[in-house]
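*Asks:* Can you keep this structure in mind? I'll have questions shortly.
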Amino acid sequence: MPADKKLEKLVIKVGTATLSSLDSVNAINIEIIEKLTNVISKLKKSGHKVVLVTSGAVALGVKKLSLSRKPKTILGKQVAAAVGQALLMQTYEKYFSKHGIPVAQILLTRDGFAQREIYINARETILEMFNMNILPIINENDAVASEEIRFGDNDMLSALVSDLISADHLIILTDEEGLYDSNPKKNKDAKLISLVEKITPQIEKMASGEGSEFSLGGMTTKIQAAKLATSVGIITHIIYGKNPEAILDLLENKRIGTTFLPGSNKVEKRKSWIAHTLIAAGKIYVDSGAQKAILTNGKSLLPAGVKKVSGNFERGSGVEICLLDSNSPFAKGITNYGKAELEKIIGLKSADIEKALGYTYGETVIHRDDLAILK
């Protein structure tokens with residue numbers, strides 16, 4: 001890959017309709033799995049950081065249990081999902097191992113995104129998997145999710161995961177070429193819309209129809225996912241999933257499927273929220289070297305630069321950053337360590353955090369992505 005090629009964080013979502021075999025809607029299409037693993041392998045070897053959000057567990061469970069159709073009851077669906085999830089991960093493990101890529105299963109429910117501690121832990125776990133060259137494979141935890149806390153489809157889950165890790169692109173693989181101006185299954189003259197600069201009510205009306213028996217989402221849920229992702233600055237694409245190789249062309253700026261442009265820069269939006277909306281629960285006082293590193297060089301805050309702390313804050317809280325002997329904050333951020341933990345690692349090198357605490361949440365007190373300069 002050329003030296004000037006931008007390396008990005010990508011969330012790829014593949015649905016049941018894309019994974020379904022041509023001869024049986026209940027079976028996984030091994031040819032698609034193989035193509036998808038080949039593409040993701042190339043992306044990772046090029047330096048991109050990839051998360052795979054996958055459906056298919058319920059359909060696989062139905063096949064394994066020799067059921068005639070998808071269960072109608074919540075308990076029946078949960079059992080099928082539990083059985084099928086094991087088979088789904090076995091399949092991915094088999095094909096990614098051929099490329100030397102370890103995979104990790106992450107099962108999420110909607111309430112996890114609402115609980116700050118779970119949210120932070122999920123984010124930090126995925127980021128650490130990137131560092132260890134592990135591919136996170138995410139699905140909804142259908143086996144335990146109640147109707148009240150279900151996503152309902154993995155399109156919205158993929159958008160929330162994209163926001164969780166501050167992805168650059170969300171790529172949704174589906175059984176259509178992209179978004180059409182009318183339903184292509186009913187109108188042979190329907191035209192593909194290659195670029196959407198803003199998701200308007202008119203765009204939302206263009207998405208019609210539902211998914212298959214096993215696929216909960218149709219184009220409507222994909223537009224809603226794109227709406228969420230673009231609102232936080234993430235470029236979103238809907239492309240034909242039976243040809244995963246198109247992802248490589250997509251990242252070469254070729255027109256594939258439908259691309260939804262973000263309404264704002266996600267980094268700027270996040271930092272603006274931190275600076276102007278996030279409520280600070282405490283203060284971290286730093287030396288002049290740390291201040292210069294943050295203000296001039298755009299660096300993260302490390303424990304070596306911390307001199308003292310005040311307030312009562314936990315991990316994931318908002319904190320103000322002040323120069324020692326000054327109560328006037330020059331920056332604000334989200335801390336990876338609570339006050340009690342910080343008091344034990346003040347002034348230490350990052351490599352000594354685990355020795356001092358017995359565990360680590362990473363080498364930074366506040367990562368630069370979670371840090372905003374105050375004007």
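*Asks:* Taking 8 Å as the Cα distance limit and 6 or more residues as the minimum spacing, I'd like the relative contact order of the chain as a percentage.
*Replies:* 14
*Asks:* What's the whole-number percent of alpha carbon pairs in region 1-132 lying beyond 16 angstrom?
*Replies:* 69
*Asks:* Could you list Tyr337, Tyr180 in order of exposure, starting from the residue whose Cβ has the fewest other Cβ atoms within 10 Å?
*Replies:* Fewest to most other Cβ atoms nearby, the residues stand as Tyr180, Tyr337.
*Asks:* Okay, next question. By DSSP, what percent of the beta bridges with both residues in the chain are antiparallel, rounded to the nearest 5?
*Replies:* Within the chain, antiparallel bridges account for around 40 percent of the total.
*Asks:* If you don't mind, another one. Tilt of helix 154-164 relative to the longest C-alpha principal axis of the chain, in degrees (0 to 90, nearest 10)?
*Replies:* 20
*Asks:* In straight Cα distance, which aspartates and glutamates are under 14 Å from Lys269, not counting same-chain residues fewer than 8 positions off?
*Replies:* Asp163, Asp168, Asp369, Asp370
*Asks:* Follow-up. What span do the alpha-carbon atoms of region 269-373 cover on each of the three principal axes, reported in whole Å from largest to smallest?
*Replies:* Projected onto its principal axes, the Cα set of region 269-373 covers 35, 25, 23 Å.
*Asks:* So between Lys269 and Thr73, what do we pick up on full extension, going 0.36 nm a residue minus the alpha carbon distance?
*Replies:* Net length gain for the segment: 66.4 nm.
*Asks:* Further, regarding this structure: As a footprinting exposure proxy, order Asp175, Asp325 by other Cβ within 10 Å, with the fewest listed first.
*Replies:* The most exposed by this proxy come first: Asp325, Asp175.
*Asks:* Excluding same-chain residues fewer than 8 positions from Lys292, which aspartates and glutamates have a Cα within less than 15 Å of its Cα?
*Replies:* none
*Asks:* Return Glu252, Glu124, Glu140, Glu343 ranked ascending by Cβ neighbour count within 10 Å, so the fewest neighbours appear first.
*Replies:* Glu252, Glu343, Glu124, Glu140
*Asks:* Another question about this same structure. Measure nothing but the geometry: give the 0 to 90° angle between the long axis through the Cα atoms of 219-231 and the longest principal axis through the Cα atoms of the chain, rounded to 10°.
*Replies:* Its long axis makes an angle of about 20 degrees.
*Asks:* Moving on to the next point. Compute the length gained on full extension between Asn133 and Glu363: take 0.36 nm times their separation in residues and subtract their Cα-Cα distance, giving the result in nm to one decimal.
*Replies:* This chain segment gains 81.0 nm when fully extended.
*Asks:* What value does the chain have for Rg/Rh, both radii from Cα atoms and Rh as Kirkwood defines it?
*Replies:* Using Cα coordinates only, the ratio equals 1.01.
*Asks:* Anything over 28 Å Cα to Cα? Flag those among Lys98/Lys227; Lys9/Lys332; Lys44/Lys94; Lys6/Lys339; Lys77/Lys205, in the order listed.
*Replies:* Going by Cα-Cα distance, Lys98/Lys227; Lys6/Lys339; Lys77/Lys205 fall outside the 28 Å limit.
*Asks:* Counting pairs of alpha carbon atoms under 8 Å apart in space and at least six apart in sequence, what relative contact order in percent does region 269-373 give?
*Replies:* RCO, region 269-373: 33 percent.
*Asks:* Once the Cα atoms of helix 116-131 and of the chain are each reduced to a long axis, what angle between those two axes, in degrees from 0 to 90 to the nearest 10, is obtained?
*Replies:* The helix 116-131 is inclined about 80 degrees to the chain.
Taken together, the values in this text are just the output of simple stated rules run on the coordinates, not laboratory data. Note that this is a predicted model, so its numbers are computed, not measured. Note: ideal-geometry Cβ built from the backbone for every residue, glycine included; neighbour counts use all protein chains shown.
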